[in-house]
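Engineer: Take this structure first; my questions come after.
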Amino acid sequence: RERKMYMACRNDIHRYDAPFMAVYKSLIPAEEELEKQRQLMAQLENLVAKEWPHAKLYLYGSCANSFGFPKSDIDVCLAIEDDDINKSDMLLKLADILESDNLQNVQALTRARVPIVKLMDPVTGISCDICINNVLAVVNTKLLRDYARIDVRLRQLAFIVKHWAKSRKVNETYQGTLSSYAYVLMCIHFLQLRRPPILPCLQEMKPTYSVRVDNIRCSYFDDVGRLDNFGSSNRETIAELVWGFFNYWAYAHDYANTVVSVRTGSILGKREKDWTRRVGNDRHLICIEDPFETSHDLGRVVDKFSIRVLREEFERAAEIMHQDRNPCAKLFEPY
Ligand code: CTP
Ligand code: MG
C-alpha cells in the first residue's frame, strides 16, 4: 500500500467553506418535522402509560442526538424497571395496543438481535422502531448531543461525513461498513485531538451526570453550557476539518496497532484492550471504542473485504479534498 501523508492542506481550501456550509444547511431537518416527531412521541407516551404506568419512553439515535437528517425514522426506547418482564411478551402486547390505535404496518420482531416493534404513523408519515430497556443507547445519545452543543463544527463535520458515507454506501453495517454512530464518534475523536482542541474529553472531567446502566457506570461532565467557548482558540473551518478528517483516516491512522477512544480523548494501543487478534467474529481491523461499553469495538462489523472498501473510500475522499476542483460535488457522487 502506498503511504502518503499530506502534511499541509491545499492553499485554496477556504474557497470550499461556503459550498460545504451550504451542504450542511441543506441537511438540517425542518422545524415542522421535529414538531411531528414530538406529536407522535406524545401519542405513544399516552398509549404506553395506560398499560404500563411506570414505564418511560425515550427517544434515542439520530432523532435525538442532533445528528439526524430530514425524513429519518425515529428510534424509541421503552424503559421499565421490572426484573421479571418478558421482552417478547411485552413487545407483542405493545404491538396489539398500537394496532388498535390505528397505527399502520405494526410488526413485532421478537427474534432480532435488538427485538423491536415497528410501526408507521399515517398522520405524520413517520416510521418508528420501539425497543425495550436499551438504556445504554439512550445514554450514549445524550453524550453525542452534549458534545454537539459545545462547538457547532462537530455537527457540520459529522453531517458532511454521514452524507458522504451514505452516498458512497459505506454506512451499511450488514455489509461490513460502519454505523452512523461509529462515524459520529470518529468525528468527536478527531476534534478532541486537534491542536488546540476543538472538543474536550467530557468523560475525563469532573462528572456532573452519573447513571448506572446494565452494571456499567456512565458518568461525565454534562454541564456543557459552560463550555461553549472551549474550541474558540482553534480557528479551523469546515473545509479544513473535512480535509483533515479524510487525510487522517486515509493516510495517518495506524490501523494495525491503535484504537480511537472518545472516552479518554486519546489513541489507545490494541494491546492494552487485547484487541490484537480475531476473537469469534470480531476481527478488530479498524478499532473504535464505545465510550461506555468499553469492551465493544464499533469496528467489529468490518471484515477483510469491507476494510478494503472502507480504506479505498477514505483515500478517494482524501484525494478529492486534496486536489479536486469541485470537491463538494465529487465527494458525494453516488457510488
Ligand atoms: N447504537 C449503539 N451501538 C451501536 C450502534 C448504534 O448504541 N453499535 C445506538 C446509538 O445510541 C445510536 C443509535 O443506536 O445513536 C442509532 O444508531 P445508528 O442508526 O447508527 O445512528 P443514527 O444516529 O440513528 O443514524 P442514521 O441517521 O443513519 O439513522
Ligand atoms: Mg437510525
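Engineer: For W52, W164, which order do you get if you count the other beta carbons within 10 Å of each Cβ and list the fewest first?
Structural biologist: W52, W164
Engineer: Within region 1-87, which trypsin sites (Lys or Arg not before Pro) sit in a loop by DSSP and count at most 16 neighbouring Cβ atoms inside 10 Å?
Structural biologist: Counting only loop positions with at most 16 other Cβ atoms within 10 Å, the trypsin sites (Lys or Arg not before Pro) in region 1-87 are R1, R3, K4, K71.
Engineer: On to the next question. Using only Cα atoms, tell me the angle between helix 152-167 and the longest principal axis of the chain; keep it within 0 to 90° and round to the nearest 10.
Structural biologist: Taking the Cα atoms of the chain, the angle to 152-167 is about 80 degrees.
Engineer: Additional query: Within 10 Å of each residue's Cβ, count the other Cβ atoms and sort M205, M41 from fewest upward.
Structural biologist: Listed from fewest to most nearby Cβ atoms, that is M205, M41.
Engineer: Another question, if that's okay. Just need the relative contact order of the chain here, percent rounded to a whole number, with Cα pairs under 8 Å and 6+ apart.
Structural biologist: Result for the chain is 17 percent.
Engineer: About its Cα centre, how strong a charge dipole does the chain have in debye, to the nearest 20, once Lys and Arg get +1 and Asp and Glu get -1 at the Cβ?
Structural biologist: Computed charge dipole of the chain: roughly 1380 debye.
Engineer: Of the DSSP beta bridges with both residues in region 1-143, give the percent that are antiparallel, rounding to the nearest 5.
Structural biologist: Given both bridge residues lie in region 1-143, the antiparallel proportion sits at roughly 75 percent.
Engineer: How much of the DSSP beta bridge set in the chain is antiparallel, as a percent to the nearest 5?
Structural biologist: 75
Engineer: When Lys and Arg each count +1 and Asp and Glu each count -1, what net charge do the other residues less than 13 Å away from P19, Cβ to Cβ, add up to?
Structural biologist: Summing Lys and Arg as +1 and Asp and Glu as -1 gives +1.
Engineer: Right, next: Provide the net charge surrounding I188, with neighbours chosen by a C-beta distance below 14 Å and charges set as Lys +1, Arg +1, Asp -1, Glu -1.
Structural biologist: Within the 14 Å Cβ shell, the charges total +3.
Engineer: Restricting the count to DSSP beta bridges whose residues both fall in region 215-335, what percent are antiparallel, rounded to a multiple of 5?
Structural biologist: Taking every DSSP beta bridge with both residues in region 215-335, the antiparallel ones total about 65 percent.
Engineer: Calculate how steeply helix 87-100 sits against the longest principal axis of the alpha-carbon atoms of the chain, using the helix alpha-carbon long axis, and give the answer as 0 to 90 degrees to the nearest 10.
Structural biologist: The answer is roughly 70 degrees.
Engineer: May I pose another question? Can you give the translational diffusion coefficient of region 142-204 in µm²/s, computed by Stokes-Einstein from the Kirkwood radius over Cα pairs at 25 °C and 0.890 mPa s?
Structural biologist: 201
Engineer: Computed over the Cα atoms of region 102-255, what is the ratio Rg over Rh, Rh following Kirkwood?
Structural biologist: 1.02
Engineer: Divide, for region 26-93, the radius of gyration over alpha carbons by 2.2 N^0.38 Å, where N is the residue count.
Structural biologist: Region 26-93 yields a ratio of 1.29.
Engineer: Grab the other residues whose beta carbon is less than 9 angstrom from that of Q43, score K and R as +1, D and E as -1, and report the net.
Structural biologist: -3
Engineer: Can you give me the orientation-averaged projected area of the convex hull built on the Cα atoms of the chain, in nm²?
Structural biologist: 18.0
Engineer: Could you please rank Y183, Y251, Y335, placing first whichever residue has the fewest other Cβ atoms within 10 Å of its Cβ?
Structural biologist: Y335, Y251, Y183
Engineer: Could you work out the pair-distance distribution P(r) of region 1-160 from its alpha-carbon pairs, with 5 angstrom bin width and percents rounded to whole numbers?
Structural biologist: With 5 Å bins starting at 0, P(r) equals 1, 8, 15, 18, 16, 12, 9, 7, 5, 4, 3, 2, 0.
Engineer: Does region 186-233 classify as rounded, prolate or oblate by the C-alpha gyration tensor (a ≥ b ≥ c root eigenvalues; a/c under 1.5 gives rounded; else a/b over b/c gives prolate, otherwise oblate)?
Structural biologist: oblate
Engineer: Please determine, in degrees from 0 to 90 and to the nearest 10, the orientation of helix 31-51 with respect to the longest principal axis defined by the Cα atoms of the chain, where the helix direction is its Cα long axis.
Structural biologist: 40
Engineer: Give the cross-link partners of K93 among the lysines, using a straight C-alpha distance below 18 Å as the criterion and excluding same-chain residues fewer than 8 apart.
Structural biologist: The qualifying lysines are K50, K56, K118.
Values quoted throughout were computed directly from the atomic coordinates according to the rules given, and no laboratory measurement underlies them. Treat the numbers as computed from the prediction; the structure is a model and nothing was measured. Ideal geometry is used to build each Cβ from the backbone, glycine not excepted, and the neighbour counts take in all protein chains shown.
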